[in-house]
Amino acid sequence: MPTCPFFSTCKWIEKYSSKNGAIVNHFIRNYCKGDSLRRCARKRVADSLGGRELIPDNMQPDGTPVKGTGDSDWPEEVCEIVNSFHVKGHLKH
């Protein structure tokens, strides 16, 4: 099963896996491996922008901020990309 090429260096996993292990594992199963790779908002934003430099650490693979954080400091271009693939609160597939 293929794994995301960014998996071992993902800032979101690095920052939140020790605090929110169960949630992180849920996202890994549903966004970071196999056919689900195409659903990961972090990867999709990186692909759209040509790199991961602007991806906020607190952006989860579904494109939402980690609970207790917000997206008010996210770069505008990141918000535009994330908003472009959300439909009624869910990522377009």
*Does region 5-63 hold any residues that are open to solvent by 70 Å² or more (accessible area, probe 1.4 Å), assigned to a helix (DSSP H, G or I) and of a type in the set (S, T, N, Q), and which are they?*
S8, N25, S48
*For S72, indicate whether it is loosely packed, with under 11 Cβ neighbours inside 10 Å, under 21 Å from F85 (Cα atoms) and among the small types (G, A, S).*
yes
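Can you spot a residue in region 14-26 that is closer than 23 Å to S84 by Cα and not small (G, A, S)?
Quick first cut of region 14-26, residues closer than 23 Å to S84 by Cα only: none.
No, because not a single residue in region 14-26 is closer than 23 Å to S84 by Cα and not small (G, A, S).
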_Between a residue in region 51-73 that is within 15 Å of A41 (Cβ to Cβ) and touching a residue at least 60 places away in the same chain (Cβ under 8 Å) and any residue that is assigned to a loop (DSSP other than H, G, I, E, B) and among the acidic types (D, E), which pairs come within a Cβ distance under 6 Å, given they are 6 or more apart or on different chains?_
none
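The values are calculated or read from the model by the stated rules, or taken from the named source; none is laboratory data. No experiment lies behind these values; they were computed from the predicted model shown. Note that we place each Cβ from the backbone using ideal geometry, even for glycine, and neighbour counts take in every protein chain shown. Ligands, DNA and RNA are excluded from the accessible area calculation, which covers all protein heavy atoms including side chains. Shrake-Rupley method; radii C 1.70, N 1.55, O 1.52, S 1.80 Å.
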